[in-house]
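Trainee: Got a structure here, written out as structure tokens. Questions coming.
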Amino acid sequence: MKIKAWFNYQLLSFFYSLRWMPPAVVYLVWIYLQYNYKSVPILDSYSVSAASLYIVMVWMSMQLFSLDQKEEKFIIFSYLRVKTHYLYGKMAVLLFVGTVLMSLSFLLPVLLDIFAEPITIIQVGLFLYSHWMFCLLGIGTGGLFSVTNLSGKKYTWLLAALFTVASLVAPSIGEVLPGILKWTIYILPPVSAITGLMAEGDRMYKAETIWVCMYTGILFTILTRLFVKNERLIR
């Protein structure tokens, strides 16, 4: 089975399972409520919708990654040439779903004429950067708790929720941690680095942007290796 065929199969399976519906509905309702007022600040609203997308994509990822039963996975693996294609195909589906959601969050305020001023090219770039990075971080975070040896555990969903919330409030956690433990907040996804960039507008901070990209790359590398290791143990 080619990766394209696997993508199409997984996309249809996820669609008909309706597991995407609760997180998608929650996100769309949130976006509607967020843009229920006129003349809202552009970048502030984009920052909120991006952070909301991160939470929703963690949820969406765990729904998709847990879609296949053990027996189904063995059959799928027998058709796929490379085992990691199973993981990459699901990631591609999630990225597609995330792109659809972020497109709706971009178009809704434009169609409703919510913003008091025209959107600039820089603001569009910041929108794309923040939402795509949060989408990727959400996919990676959800994957850590659903395709590794953490999947199927009694408190998996609770741990995923705590990890996600902790990443959102990481700066506050860092303030109360003793100096010797402050480094631990760098284990969490760099949510504040993205929202901070949105707050600064067109004053780009290259160090934070590089760190976000590095963290994302490391996250997906670790996720892929843990996935392969977990599947070998299961077999």
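Trainee: Quote the relative contact order of the chain in percent (integer), defining contacts as alpha-carbon pairs under 8 Å separated by 6+ residues.
Mentor: Rounded, it is 27 percent for the chain.
Trainee: What's the lysine pair count for the chain at a Cα cut-off below 23 Å, pairs eight or more apart or interchain?
Mentor: Going through the chain pair by pair, I get 26.
Trainee: Quote the accessible area belonging to THR84 in square angstrom, nearest 10, computed with a 1.4 Å probe and with ligands, DNA and RNA left uncounted.
Mentor: THR84 has an accessible surface of roughly 30 Å² with all protein chains in place.
Trainee: How compact is the range 20-171 by the rule of thumb for globular proteins, expressed as Cα Rg over 2.2 N^0.38 Å?
Mentor: Details: Rg = 17.2 Å, N = 152, 2.2 N^0.38 = 14.8 Å.
Working it through for the range 20-171, the quotient is 1.16.
Trainee: Could you give me the ³J(HN,Hα) list for the range 46-54, computed from phi with Karplus coefficients 6.51, -1.76, 1.60 and θ = phi - 60°, whole Hz, x at Gly and Pro?
Mentor: Taking θ as phi minus 60°, the curve returns 5, 4, 5, 5, 5, 5, 5, 5, 4 Hz for the range 46-54.
Trainee: A follow-up question, please. Only loop residues by DSSP count here, and only those with at most 15 other Cβ atoms within 10 Å; note down the chymotrypsin sites (Phe, Trp or Tyr not before Pro) in the range 1-92 that meet that. Spell out each step's value before the answer.
Mentor: Numbers: sites: TRP6, PHE7, TYR9, PHE14, PHE15, TYR16, TRP20, TYR27, TRP30, TYR32, TYR35, TYR37, TYR46, TYR54, TRP59, PHE65, PHE74, PHE77, TYR79, TYR86, TYR88; in loops: TRP20, TYR35, TYR37.
Counting only loop positions with at most 15 other Cβ atoms within 10 Å, the chymotrypsin sites (Phe, Trp or Tyr not before Pro) in the range 1-92 are TYR37.
Trainee: Nearest 10 degrees is fine. How inclined is helix 3-17 to the longest principal axis of the chain, computing both from alpha carbons?
Mentor: Result, in degrees: 80.
Trainee: Over the range 51-175, what is the mean sequence separation of C-alpha contacts under 8 Å (at least six apart), divided by residue count, expressed as relative contact order in percent? Don't jump to the answer; show the numbers that get you there.
Mentor: Values: 78 pairs, mean separation 55.1, N = 125.
It rounds to 44 percent for the range 51-175.
Trainee: Also, I was wondering about something else. Relative contact order for the range 91-165: what percent, with Cα pairs under 8 Å and sequence separation of 6 or more? Could the numbers behind the result be given before it?
Mentor: Details: 22 pairs, mean separation 22.9, N = 75.
In percent, rounded to a whole number, it is 30.
Trainee: In deg cm²/dmol, rounded to 500, what helix-only [θ] at 222 nm does the chain give when every DSSP H run of at least 4 residues adds -39500 (n - 2.57) and the total is split over its residues? Could you put the intermediate results ahead of the total?
Mentor: Details: 10 runs with 174 residues, N = 235.
It lands at -25000 deg cm²/dmol.
Trainee: A further question follows. Please work out the FRET efficiency for the pair ILE119 and PHE15, using the Cβ-Cβ distance as r and a Förster radius of 22 Å; give the result to the nearest 0.05. Before the final figure, lay out the partial values.
Mentor: Values: r = 31 Å, r/R0 = 1.42.
Here the calculated transfer efficiency is 0.10.
The values are calculated or read from the model by the stated rules, or taken from the named source; none is laboratory data. Treat the numbers as computed from the prediction; the structure is a model and nothing was measured. Using ideal geometry, Cβ is built from the backbone for each residue, glycine included, and neighbour counts are taken over all protein chains shown. Accessible surface areas use protein heavy atoms only, side chains included; no ligands, DNA or RNA. Shrake-Rupley method; radii C 1.70, N 1.55, O 1.52, S 1.80 Å.
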